[in-house]
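A quick write-up on the structure given underneath.
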Amino acid sequence: MPLKVLDATIATFDGVFEKFRADSPNNKANFILFLADIDPSTNLSWCPDCVRAEPVIYKKLEASSEDIALLRAYVGDRPTWRTPQHPWRVDRRFNLKGVPTLLRWENDAVKGRLEDHEAHLGHKIASLLNGN
């Protein structure tokens, strides 16, 4: 089965996350990727680490023969993300410090994570995909 991708913004996250959680038992692995919004003036993410990590993450997840779900959660523009009270910075489930952040989600909790400085490393993504 191909990679199942859901997209959410801060405004739509709760509803999309509930759908993601409800479907998670049907998948071999479930991931949440927190990343920066696309800058309309450049048509690229405003976050250089996201630009570098996204293709590597997608390639690794798409290469799996297992059922995998990916929830892409867009943190907003740079000023929104920089706010110390950003909802995903203060949410104890996610405790975000930077973007991109790739989380492995199992049994309604984070079971592994790759932070911004390592989210582009193929071997670390593969390890997270394998549950390590």
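The values are calculated or read from the model by the stated rules, or taken from the named source; none is laboratory data. Given the structure is predicted, the values throughout are model-derived calculations rather than measurements. Quick reminder, even Gly has a Cβ in these numbers, built from the backbone with ideal geometry, and neighbours come from all protein chains shown. Just so you know, the surface numbers come from the protein's heavy atoms only, side chains and all, with ligands and any DNA or RNA stripped out. Shrake-Rupley method; radii C 1.70, N 1.55, O 1.52, S 1.80 Å.
Distance from the alpha carbon centroid of segment 1-27 to that of segment 68-132 works out to 14 angstrom.
Calculated FRET efficiency, Asp91 and Leu44, Cβ-Cβ r, R0 22 Å, to nearest 0.05? Result of the calculation: an efficiency of 0.25.
Which value at 222 nm does the chain reach when only helices count, each DSSP H run of 4 or more adding -39,500 (n - 2.57), with the total divided by all residues and rounded to the nearest 500 deg cm²/dmol? Spell out each step's value before the answer.
Working: 5 runs with 43 residues, N = 132.
Mean residue ellipticity at 222 nm (helix-derived): -9000 deg cm²/dmol.
Solvent-accessible surface of protein heavy atoms, probed at 1.4 angstrom with all chains present, puts Val75, Val56, Val5 in the order Val5, Val56, Val75, largest first.
Summarising the amide proton neighbourhood of Ser45: residues at separation of 5 or more, or on other chains, whose placed amide H is nearer than 5 Å comprise Asp39. Only aspartates and glutamates eight or more places from Lys124 in sequence, or on another chain, were considered; those with a Cα closer than 14 Å are Glu54, Glu115, Asp116.
Sum up the lysine pairs in segment 1-94 that clear both bars: alpha-carbon distance under 15 Å and a spacing of 8 or more or different chains. Can you show the working numbers first?
Values: Lys4/Lys19; Lys4/Lys28; Lys4/Lys59; Lys4/Lys60; Lys28/Lys60.
The number of close lysine pairs in segment 1-94 is 5.
Kirkwood-type hydrodynamic radius, the chain: 14.8 Å, calculated from all non-identical alpha-carbon pairs.
For the chain, which span is the longest to avoid every loop-located (per DSSP) member of trypsin sites (Lys or Arg not before Pro) having at most 14 other Cβ atoms inside 10 Å?
Values: sites that count: Lys28, Arg92, Arg93, Lys97.
That gives 29-91 as the longest site-free run.
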